[in-house]
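Worksheet for the structure shown next.
Every number in this text was worked out from the coordinates using simple rules, so none of it is lab data. Nothing here was measured: the structure is a model prediction, and the numbers come from that model. Methodologically, a virtual Cβ is constructed for each residue, glycine included, from the backbone with ideal geometry; neighbour enumeration extends over all protein chains shown.
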Amino acid sequence: MRGRTIVLAASNSESSEYMKSTWRQMLLATLPTQYARFISDISVKNEVNPDGQAKYVPNGLRVVESLLVDHFGEENVAVCYPEQLDLFVGPDTKVVGIHAHNPLGITFATDVYAQFYGRDVEPVNATEFRKLILHPALKKHKDHIKIIVGGPGSWQIEKKNLQDAWGIDCIVDGEAEDVVVELFEAAVRGEQLPRRVECHSPKLSKIPTIKHRATFGVVEITRGCGRGCQFCSVALRAGKSLPLEHIIENTRVQVAEGADTILLTTEDLFLYEQGPRFQTNVPAIKRMLQAVASVPGVEHVLLTHGTMAPVVLEPNMIEELSEVAVNKSLHRHKKSTHPEKRYANLFVGIETASVRLFKQYMKGKCYPFRPEQWPDVILKGMEILNKNNWFPFCTWIVGLPGETEEDTKESLELLYALKGSKWCVVPTLFVPLEDTRLEDKESAKFVKLTDLQWEFFFTCWRYNLDFYYDYLHTKLKFAIGIPIYYYLLGRKLFGKGMKYPLYRLAHFPERWMRGKLYLDFSSNRPPKYKVPDKVEVPEHRLRPQLPVLTV
């Protein structure tokens, strides 16, 4: 075959929707390739259309595809997985565009976990991306094709100095709608491309609807955030909402190609059609959820990110949104009070309980509440979410720049107060991401964690095991496996500070560890933090009410 003029591709792991689980896909960026099949039930096998093109790929690549098809014609553009590159890359191919979400596995939640198996292990995501970027078809035709890599994780390639080694002509960093057509036109003409293109957030009118199904039925509803957290690049860009008709059209496209689940993608659900100063527009959110759920063929509606402050500010909102968020959820748990045991999942960043660090790095996260109220906001927000069968997936950053023992103790105290909550808490080590205010700071490292930080890290995972895997055989497996891991590998890699925190994860009796850990679960001491009856908004931060919209 002569090949298509333009070929777009994504790795198998970043396209995977195995078991419809975003959790399992995220695991692929954390699990070491050589041990993955022994650790978790995973698969990177994806469905292929009869013509050899990909059935689903990341939404960002579908957006690029839409722009290129409109300009160059559908007959000149193909989208595929690595295994099908030979079908579409040939003598007539001029440019190959590759999507990179997390190609090397070095973001907050993923840079951490593969290290438990050794310092030189490679996570599944990195292995799969390397298979794509070093594919024989690309090498065979490199003399006449340009390779362009873009996506949220494209900066990782530049950071690790792999651009030349991998034969990449151009790295695109940022939201690319404004540059895609011009860049690919230059590549088709055979012109020399800039090594790096830095993009800025486009106008909403420049964002096209997609033409084919995205992985997990992803439908964007907002872009940006604007809360200003210094460790996050998205937080530095003002939030904006895509029009409802755009959202519904993308939903219809997904359903038409076999998706029965829609994943509403946003940096913060509660910023959709927001009012001044992050004011939550509850009627607009409810109307949007109902409209998506009403599209024929939609069986499930899932959510991505949200912040806790709006939950506390608008406590009745969660009950209203549960009509879709819980009733249409794919997730089930025995502790749900829903008749079918369904629960809504929402990614929420807690990041720290230290008011000092919160003020320094993320004070906009709790607006309109004061930074000093952050622990109360978290506790009250968790109570409201759990009451309505929302079980959030929370992140917590260990090793923020300047973190002290007192800061870690504050996080441990809030963690202690959250014991028994219905949630998942994922501790991550601080990573200085590109295009953030902390990009020049030093990463947190396992080998430098204090005893208290180790305790925090593994207490989080003890909570998760107790909530999601509270079975005798699971506890026995950890009780046997963790001491073996510690004595054969753990203490050699990270030192003795992880010993007793690991034993807590293994469900060793707490009385055996009394005096060895900061938190004593065998005591009956009351938590330092308690769920408040109400969290008051400072009077000078009160906001005018939005006009009521008809839903």
Scan segment 130-203 for GluC sites (Glu not before Pro) in coil per DSSP, keeping those whose Cβ has at most 11 other Cβ atoms within 10 Å, and list them by number. Glu191
Solution diffusion estimate, µm²/s, Stokes-Einstein, segment 1-94, Kirkwood Rh from C-alpha pairs, 20 °C, viscosity 1.002 mPa s: 149 µm²/s
Could you go through segment 169-178 in sequence order and give the Karplus-derived ³J(HN,Hα) for each residue, using 6.51 cos²θ - 1.76 cosθ + 1.60 with θ = phi - 60°, rounded to whole Hz, and x for Gly and Pro? 7, 8, 10, 9, 10, x, 6, 9, 3, 6
Under-5 Å amide H pairs with His331, H placed in peptide plane, nonlocal only: Tyr343
Principal axis dimensions, segment 391-536 - Cα atoms, whole angstrom, descending: 46, 45, 29
Report, in whole Å, the centroid distance computed from the Cα atoms of segment 208-242 and segment 3-61. 21 Å
What distance in nm separates the two pseudo spin-label positions at Lys419 and Asp120, each 7 Å out from Cα along the beta-carbon direction? 4.2 nm
Ascending count of other beta-carbon atoms within 10 Å, so fewest first, for Phe72, Phe369: Phe72, Phe369
How large is the Kirkwood hydrodynamic radius of segment 216-513, counting all unique pairs of alpha carbons, in Å? 20.5 Å
Quick calc, Lys359 & Arg195: beta-carbon distance into FRET formula, R0 51 Å, rounding 0.05, result 0.85
Expressed as an acute angle from 0 to 90° and rounded to the nearest 10, what is the orientation of the C-alpha long axis of helix 451-468 relative to the principal long axis of the chain? 80 degrees
Loop-resident sites, segment 164-253, for chymotrypsin sites (Phe, Trp or Tyr not before Pro), counting at most 12 other Cβ within 10 Å (DSSP): none
Within the under-14-Å Cβ sphere about Asn389, not counting Asn389, Lys/Arg +1 and Asp/Glu -1 give a net charge of +3
Given H placed on each backbone N at 1.01 Å, which residues far from Thr265 in sequence or on other chains put an amide H within less than 5 Å of it? Val219, Glu220, Ile221
Phi-derived 3J(HN,Hα) across segment 77-83 with the Karplus relation (6.51, -1.76, 1.60, θ = phi - 60°), rounded Hz, x for Gly and Pro, is 10, 10, 10, 8, 8, x, 5
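Arrange the following residues from fewest to most other Cβ atoms within 10 Å of their Cβ: Arg462, Arg195.
Ranking Arg462, Arg195 by Cβ neighbours within 10 Å, fewest first, gives Arg195, Arg462.
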Within 12 Å, Cβ to Cβ, of Thr222, how many net charges do the neighbouring residues add up to if Lys/Arg are +1 and Asp/Glu are -1? -1
Only counting other Cβ atoms within 10 Å, I'd like Tyr117, Tyr81 sorted with the fewest neighbours first. Tyr117, Tyr81
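Nothing charged except the Cβ atoms of Lys and Arg (+1) and of Asp and Glu (-1): what's the magnitude of the dipole of the chain about its Cα centre? Round to the nearest 20 debye.
Dipole magnitude for the chain comes out near 1780 debye.
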With a/c under 1.5 counting as rounded, go ahead and sort segment 254-319 into rounded, prolate or oblate using the C-alpha gyration tensor (a ≥ b ≥ c being the square roots of the eigenvalues; past the cut-off, prolate if a/b is larger than b/c, else oblate). prolate
Measure up Lys20/Lys475; Lys341/Lys387; Lys387/Lys534; Lys380/Lys419 against 18 Å on the Cα-Cα distance and list the ones that go over. Lys20/Lys475
For segment 6-204, taking Cα atoms only, what is the radius of gyration to one decimal and the Dmax to the nearest whole Å? 16.4, 48
Full-stretch length increase - Val48, Val531 - with 0.36 nm per residue and alpha-carbon distance subtracted: 168.9 nm
Just one of [x] 24.6; [y] 23.2; [z] 27.3 is Kirkwood radius over Cα pairs in Å calculated from these coordinates, so which is it? [x]
May I ask for the distance between the Cα centers of segment 133-174 and segment 430-462, given as a whole number of Å? 29 Å
Rounded if a/c is under 1.5, else prolate if a/b beats b/c, else oblate: with a ≥ b ≥ c from the C-alpha gyration tensor eigenvalues square-rooted, which is segment 189-250? oblate
